[in-house]
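Engineer: This is the structure, below, for whatever I ask next.
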Amino acid sequence: MNTSFTDRTLALAGLFQAARLAQELARAGRTDAPAFVASIQALMLIDAPSTEAVYGGAQGVALGLDLLRNKLGGVTDTGDVEIARYVIAMIHLEGQLRRQPEIQEAIRRGIEAIREQMKFFEAAETDETVHPRLVEKLAELYTQTISTLTPRIMVNGEHGHLSNPPIAAKVRAVLFAGIRSAFLWHQLGGSRWQLLFSRKKIAGEAARILEDLKENETTDEHR
């Protein structure tokens, strides 16, 4: 499989992963920690040498790849319509953002400023967690930039979770990360038509990447 299609699949996995994270946070108040960390770190990487590097390796979007393999491959579940709605909404907002260079620049400047500010908190960062202050700052930047575009993404969930400021900030941060992935997907040649007419091909590529990850893990275990 050519690299460009693999790259598009990884970026699309990042988008689907963000949708799942937002759904789980809104419904349960918690979500997959490694996937959340990878998605937030991807948002902080403005310039990366490769698509895989954006997510810290394909493992960073394993949750999203699993969704692509199953959902685009025909395995349905409750909540799929909601995930699809979030994905479509993020793709739509990415299209809006593409036509607003001043907002793109504000996001770039904002992320650069956040990276500088967060240097003071690096000692508290680990591979398993994201500093609450970073989430808060990303959520603020989302509100100042993405939330000015229309229509805004309406997230469904438990009121107790959505009205909880730290959880609400996480939801905004992962939606931000999803739009970043949608932007990358478009840059790599992704389009809505591919989601309609290349579903099986995308699902197959996601399955192949996951199988490679599994084989690499097995090889590492036997070293």
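Engineer: Report the residue count in segment 185-194 for those that are under 16 Å from Leu68 (Cβ atoms), among the hydrophobic types (A, V, I, L, M, F, W, C) and surrounded by fewer than 24 Cβ atoms within 10 Å (Cβ to Cβ).
Structural biologist: Total meeting the criteria: 1.
Engineer: Kindly establish whether Ala113 is of a type in the set (Gly, Ala, Ser), within 25 Å of Asp32 (Cβ to Cβ) and modelled with pLDDT of 95 or more.
Structural biologist: No.
Engineer: Does segment 1-19 hold any residues that are assigned to a helix (DSSP H, G or I), touching a residue at least 60 places away in the same chain (Cβ under 8 Å) and surrounded by fewer than 24 Cβ atoms within 10 Å (Cβ to Cβ), and which are they?
Structural biologist: Within segment 1-19, Ser4, Phe5, Thr6, Asp7 qualify.
Engineer: Still on this structure, I have one more. So which of Glu140, Glu94, Glu102 is crowded, with 20+ Cβ neighbours inside 10 Å, acidic (Asp, Glu) and either more than 15 Å from the chain's Cα centre (by Cα) or in a helix (DSSP H, G or I) (or both)? Full working, then the answer.
Structural biologist: On the way: Glu140 fails: crowded, with 20+ Cβ neighbours inside 10 Å; Glu102 fails: crowded, with 20+ Cβ neighbours inside 10 Å.
Every option except Glu94 fails the conditions.
Engineer: Of all residues in segment 46-72, count the ones that are closer than 25 Å to Ile107 by Cα, touching a Lys or Arg at 6+ places or on another chain (Cβ under 9 Å) and assigned to a loop (DSSP other than H, G, I, E, B).
Structural biologist: Number of matching residues: 1.
Engineer: Which of (1) in contact (Cβ under 8 Å) with a residue 60 or more places away in the chain; (2) out of contact with any Leu (no Cβ under 8 Å at 6 or more places or on another chain) is the odd one out, the single condition Leu45 does not satisfy?
Structural biologist: The failed condition is (1).
Engineer: Which condition from (1) farther than 25 Å from Gly189 by Cα; (2) free of Cβ contacts under 8 Å to residues at least 24 places away in the same chain; (3) in a helix (DSSP H, G or I) is the one that Arg30 breaks?
Structural biologist: With (1) farther than 25 Å from Gly189 by Cα; (2) free of Cβ contacts under 8 Å to residues at least 24 places away in the same chain; (3) in a helix (DSSP H, G or I) applied to Arg30, the lone miss is (3).
Engineer: Any residue in segment 57-80 that's in contact (Cβ under 8 Å) with a residue 12 or more places away in the chain and at positive phi: show its pairings with residues that are assigned to a loop (DSSP other than H, G, I, E, B) and surrounded by 22 or more Cβ atoms within 10 Å (Cβ to Cβ) at Cβ separation under 8 Å, as long as the two are six or more apart or on different chains.
Structural biologist: none
Results for (1) closer than 16 Å to Phe16 by Cα; (2) in contact with a Gly (Cβ under 6 Å, 6 or more places away or on another chain), shown as yes or no for each residue.
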site	(1), (2)
Arg85	yes, no
Met90	yes, yes
Glu112	no, no
Ala169	no, no
Ala177	yes, no
Trp185	yes, no
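Engineer: Could you check segment 24-40 and list, in sequence order, the residues that are out of contact with any Gly (no Cβ under 6 Å at 6 or more places or on another chain), crowded, with 18+ Cβ neighbours inside 10 Å and of a type outside the set (Val, Ile, Thr)?
Structural biologist: Hits for segment 24-40 are Glu24, Leu25, Ala35, Phe36, Ser39.
Engineer: Looking at this structure, is Ile153 crowded, with 18+ Cβ neighbours inside 10 Å, in a helix (DSSP H, G or I) and not small (Gly, Ala, Ser)?
Structural biologist: So Ile153 fails the test.
Engineer: Here are some conditions: (1) of a type in the set (D, E, K, R); (2) touching an Asp or Glu at 6+ places or on another chain (Cβ under 7 Å); (3) surrounded by fewer than 16 Cβ atoms within 10 Å (Cβ to Cβ). Lys71 meets all but one. Which one does it not meet?
Structural biologist: (3)
Engineer: From the list Ala169, Ala203, pick out the single residue that is in a helix (DSSP H, G or I), in contact (Cβ under 8 Å) with a residue 12 or more places away in the chain and within 30 Å of Ile114 (Cβ to Cβ).
Structural biologist: Unique residue meeting the criteria: Ala169.
Engineer: Kindly indicate which of Ala84, Ala113 is assigned to a helix (DSSP H, G or I), of a type in the set (Gly, Ala, Ser) and exposed (fewer than 14 other Cβ atoms within 10 Å of the Cβ).
Structural biologist: The unique qualifying residue is Ala113.
The values are calculated or read from the model by the stated rules, or taken from the named source; none is laboratory data. Because the structure is predicted, anything quoted here is derived from the model rather than measured. Cβ: placed from backbone, ideal geometry, glycine included. Neighbour counts: every protein chain shown.
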